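Accompanying notes for the structure given below.
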Amino acid sequence: MRDFHMPGRSAVFAANGLCATSHPIAAAEAVRLLQAGGNAMDAAIAGAVLLGVCEPQMTGIGGDCFALVSRPGEDVVAVNGSGRAPRGADAAALRAAGHDTVPLHEGAAVTVPGAIDAFCAMSERWGKLGLADSLAPAIRYFDEGVPVAPRVAADWARLTGTLSDTGRRHYLRDGAAPRAGDVFRLPGQAELLRAIARDGRAAFYRGAAMEDMLATLAAAGGTHTAEDFADARTDTGAPIEGAYGGHRLLEHPPNGQGATAILILNILAQFDLSALDPFGAARAHLEAEATKAAYALRNRIVADPAHVTELDEMLSPDTARRIAEGIDRKRAAPGGAAPREAVHRDTVYITVVDRDRMAVSLIYSIFHGFGSGLATDRYGILLHNRGAGFCLEAGHPNEIGPGKRPMHTIIPAMLADADGVTMPFGVMGGQYQAAGHARVLTNMADYGLDPQSALDAPRSFPEAGVLKVERGYAPEVRAALAEMGHEVVVPDEPIGGAQAIRIHPSGVLEGASDPRKDGCALGY
């Protein structure tokens with residue numbers, strides 16, 4: 001329990017249903033749908049789509065999503081709503097043009113957006129009220145507008161240079177980012193969402209919306225065709241699983257990076273973290289070293305599911321033991337090679353549990369801030385740049401190619417025990433997400449923190465040759481890490497964000513929401 005003398009956020013407890021996400025309007029509308037008789041899937045889709053106008057720099061219908069879905073007595077299902085590269089994707093041509101990575105703001109970076117197909121498929125399979133009811137809150141707010149929240153306003157102002165001329169027309173006001181409290185609307189997307197509510201996926205992947213996207217992509221050098229959009233499809237399967245501290249950790253399989261979180265935990269399990277100061281240098285050092293090693297292996301292995309051949313090696317306890325044996329507890333190893341694909345920080349996450357204890361863990365993104373920056377003329381669809389998650393190394397499993405899905409950083413998660421799911425959760429923050437999953441779980445398993453305290457706790461993360469250490473760490477901890485050889489920096493922005501809902505054995509729901517974002521947990 002937190003110290004009530006100190007600033008902080010209390011957990012939210014509810015008996016019937018609960019949503020945790022990064023914007024209060026989205027959380028409120030998700031709960032309202034639960035109260036109207038909808039289930040966790042109806043509510044999760046409602047909240048997720050609504051986040052496209054609440055946090056348009058982070059997500060939108062031109063993006064991708066992944067989900068884990070749990071119904072009591074049934075196996076958890078992993079939903080892959082990520083898009084594929086067009087038939088004309090050509091790594092050799094990009095290399096010949098002088099590129100080392102996929103260019104962020106050109107048509108080559110845009111894979112066919114997969115989120116709308118996934119929302120339609122998930123609503124049909126698991127929803128109770130139907131897609132039209134799930135989209136109704138978003139349609140209203142896209143039309144009427146949403147007051148811009150403080151964290152969103154800060155991000156927006158930082159990212160305006162990303163937007164194309166058409167993007168600036170749809171997402172800026174008089175050439176500037178809206179300020180906190182300004183009302184932002186996307187009426188063109190409200191029009192499109194009405195068509196999707198009526199006609200389903202065909203309203204997005206065919207007809208006027210498709211033509212709007214194809215015209216934008218062609219002007220940006222894309223090779224996309226109507227056939228590429230027609231081929232969009234959502235896949236489902238089983239999650240992958242790890243274990244730590246008495247918890248089962250369920251993660252999304254490749255092309256997501258969930259295996260990386262499992263590997264980090266397998267490495268950390270070789271040490272007694274519980275004997276270390278939870279916010280001291282020794283723990284942060286071990287986490288950094290485990291993370292660097294795990295991400296290096298991820299960069300070699302994780303790719304389109306059809307091209308992953310060494311996943312068993314990544315998940316093997318023997319691999320974790322070998323890595324742990326090579327960690328110097330007193331000295332930082334070199335930062336490692338830079339990733340072969342672009343990195344990012346921007347996404348949204350929502351989790352909902354309903355009165356029947358159906359749980360949805362859903363993450364939804366346009367990759368970089370404002371994605372590719374390319375917005376369509378008629379509807380203002382902001383196209384993601386997930387294709388920048390591919391690499392251009394010839395022969396690499398994650399090399400861009402026709403019909404392939406790129407490696408994704410966004411990963412939903414769930415904790416479980418022998419009786420079923422105990423906590424759907426997710427950590428935003430681009431590359432940080434796998435390390436963030438491990439951090440949340442070790443906070444709970446090794447130090448007994450409740451979910452809200454586990455999300456509030458300070459974070460560190462090795463990236464691009466430096467160790468980012470939040471201001472929540474004491475100055476002497478940063479000094480000790482520097483003595484160990486880490487190049488310590490205090491990041492300008494907080495590291496990621498997170499949401500979680502713990503399902504107690506009594507059935508009571510406990511919601512946690514990261515104060516690094518504008519959101520909250522709400523229940524009834």
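Where a number appears in this text, it was derived from the coordinates with a stated rule and is not lab data. As the structure is a computational prediction, the values presented were derived from the model and not from experiment. Note that each Cβ is placed from the backbone with ideal geometry, even for glycine, and that neighbours are counted across all protein chains shown.
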Item to check | Per-pair calculated FRET efficiency, R0 = 51 Å: residue 199 and residue 3 via Cβ, rounded to 0.05 | outcome: 0.45
Checklist entry - Modelled label-to-label distance, residue 318 and residue 144, 7 Å Cα→beta-carbon offset: nm? => result 6.1
Checklist entry - Which of the lysines could a cross-linker bridge to residue 468, judged by Cα under 16 Å and excluding same-chain residues fewer than eight apart? => result 292
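Compute the Cα gyration tensor for region 45-110, then decide on rounded, prolate or oblate, letting a ≥ b ≥ c be the square roots of its eigenvalues: rounded whenever a/c is under 1.5, prolate when a/b is larger than b/c in the other cases, and oblate in all that remain. Walk me through the numbers before you get to the answer.
Working: a/c = 3.93, a/b = 1.81, b/c = 2.17.
It is oblate, given that a/c is not under 1.5 and a/b is not larger than b/c.
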Item to check | Theoretical gain in end-to-end length, residue 474 to residue 35 [0.36 nm per residue, Cα-Cα removed] | outcome: 153.7 nm
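Answer rounded, prolate or oblate for region 384-524, using the Cα gyration tensor with square roots of eigenvalues a ≥ b ≥ c: rounded when a/c is under 1.5, else prolate when a/b is larger than b/c, else oblate. Walk me through the numbers on the way to the answer.
Details: a/c = 2.09, a/b = 1.15, b/c = 1.81.
Here region 384-524 falls in the oblate category.
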Checklist entry - What aspartates and glutamates could a cross-link reach from residue 330, if we take a straight Cα to Cα line under 12 Å and drop same-chain neighbours fewer than 8 places away? => result 289, 483
Next on the checklist: Suppose R0 equals 41 Å. What FRET efficiency, 1/(1 + (r/R0)^6) with r the Cβ-Cβ distance, do residue 311 and residue 176 give to the nearest 0.05?
Outcome noted: 0.30
Checklist outcome for this item: residue 270 and residue 490 label points (each 7 Å along its Cα→Cβ direction) are spaced in nm at 3.4
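For the chain, which DSSP H helices look membrane-span-like by this rule: Cα extent along the axis of 24 Å or more and mean Kyte-Doolittle of at least -0.5?
Details: long enough: 281-301 (30 Å, -0.31).
The qualifying helices are 281-301.
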Item to check | Projected label distance in nm at residue 211 and residue 125, using a 7 Å step from Cα toward the beta-carbon | outcome: 3.3
Checklist entry - Which FRET efficiency value, to the nearest 0.05, do you get for residue 226 and residue 394 by plugging their Cβ-Cβ distance into 1/(1 + (r/R0)^6) with R0 = 35 Å? => result 0.70
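Determine how many Å³ per residue the convex hull of the Cα atoms of the chain encloses.
Values: hull volume 69.9 nm³, N = 524.
It is 133 Å³ per residue.
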Checklist entry - To the nearest Å, what is the center-to-center distance of region 446-481 and region 268-311, using C-alpha atoms only? => result 15
